[in-house]
1. Suppose all protein chains stay in the model; what accessible area per residue would a 1.4 Å probe give for segment 192-270, in Å²?
2. Treating only the Cβ of Lys, Arg, Asp and Glu as charged (+1, +1, -1, -1), what charge dipole size does the chain show about its Cα centre? Round to the nearest 20 debye.
3. Over the chain, what is the relative contact order in percent, taking alpha-carbon pairs closer than 8 angstrom and at least six residues apart?
4. At 0.36 nm per residue, and after removing the present C-alpha to C-alpha distance, how many nm does the segment from residue 333 to residue 6 gain when stretched out fully?
5. First select every other residue whose beta carbon is under 14 angstrom from the beta carbon of residue 266; then total the charges, Lys and Arg +1, Asp and Glu -1.
6. For an R0 of 30 angstrom, estimate the FRET efficiency from the Cβ-Cβ distance between residue 359 and residue 289 and round to the nearest 0.05.
7. Computed from the coordinates I sent, mean projected area of the Cα convex hull in nm² equals one of (1) 24.3; (2) 39.9; (3) 21.2. Tell me the label.
8. When all protein chains stay in place, what accessible area (Å², nearest 10, 1.4 Å probe) is found for residue 203?
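The values are calculated or read from the model by the stated rules, or taken from the named source; none is laboratory data. If you're wondering where the values come from, they're calculated on a predicted model, not measured in any experiment. Please note: Cβ atoms are built from the backbone with ideal geometry, for glycine as well, and neighbour counts cover all protein chains shown. What goes into the accessible areas is simple: the full protein's heavy atoms, side chains included, and nothing from ligands, DNA or RNA. Shrake-Rupley method; radii C 1.70, N 1.55, O 1.52, S 1.80 Å.
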Amino acid sequence: MILKASQRGGAKQLGLHLLKTEENEHVEIHEVRGFVSDDIVGALKEAQAVSRGTKAKQFLFSVSLNPPQHESVGVDVFADACNRIEVKTGLAGQPRVIVFHEKEGRRHAHAVWSRIDVDSMTAVNLPHFKTRLREVSKELYLEQGWTMPRGFIDSQARDPRNFTLDEWQQSKRAGWHARDLKGLMQECWAASDSKAAFESALRERGITLARGDRRGHVAITPEGEVLSVARYADKKAKEVRAKLGEPDELRSVSEAKAQIAREMSGTIGRHLQEARDRHKQEMAPLDARRQETTSKHGEERQRLDAAQEARWIEETRQRSERYNKGIRGLWDRLTGQHAKTQRRNETEALDALQRDREQRQSLIDAQREDRQKLQTEIQEARNRYTQMRTELRSERETYEKMAPEREAPPPVRDHFERVARLREQP
């Protein structure tokens, strides 16, 4: 299982976070050990009070234990993991709390230790705890037969999808294929008999006619690529000038790009809002089903707990009735019959406890399987929205970079013109 840990303070905030039911569908307190208080917030506040006698600011060590999502993991596996963690980190015997959370069909645990050693009134040092937790995590994956993440097998393994956008775009050319652009330009040229017609034909296809830096006619694609009209239309510069006139009246490349950026940014903004609205509509029935499922599962667990408690009380009564009273009870103690009955009761009590745990774990596994089916639909909806939003935001960033460039002031032609102007001044 994946182990994430941190040293921290903030006892009350952490305690309230562990008990938060708004984000978690089920919260179960498994263990409060080594504290006077028997509740989570009180126990962590107790650790904070003890830390006042030291200089430690981060008096707590918090670890989240996340098993593979689709694996059924019993309480004993989580408890064993916590025991290994405290041995590896030097926190063996320190006060701790363990809380189980269930969220979106996934069951995980949080364990928090007090770092303060009350005998020496110092904080337990935790050198290289991330490396040691990594070792525990690898042991658990191997022992449980789970599929180990590639990152554990080879630390150099990297997902190429984690490259930056610039690295990814180095191998991708924005816009159409060059051959398609050339064919489109020639079609617009052939279908136009004037500058206005040619400019309109390009505009209908999202291409803007502009004045190039070398005083030639250029076309700018929606992605900001600058194309030579003469080269892509396969015409000579004289033919282009004869049909389109001088390019001085056209906007410069920077001005045209700024205009494209303004227009496309507004369009993408509308698309983003539409994507958010569609996502809300799609998620509304899924959220309703999730809440209904959570409520149903909670009621099933309450009924099971009540039934197990009633059965435990009845079985305890039956076991207590096996003991004789009065003279017969005294005789049983003398003959050893009382001890035999006691051992039998203890064995049956342990068996009943294990039976109840297995029954509860079976219910939890069945509910998790039911919840994960719904979670698959929820995750697919989220992935569709995330992909759409990422693509739109990437395009918006591209257009935001198409800012107009400042034109440098024209240089003075020569030294004599500068001297002449100085002489004319009074």
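1. With the other protein chains kept in place, segment 192-270 gives 53 Å² per residue.
2. In debye, rounded to 20, the chain gives about 860.
3. Dividing the mean separation by the residue count of the chain yields 14 percent.
4. Working: separation 327, 0.36 × 327 = 117.72 nm, distance 5.50 nm.
Gain on stretching residue 333 to residue 6: 112.2 nm.
5. Net charge around residue 266: -1.
6. According to the calculation, E is roughly 0.70.
7. (2)
8. 110
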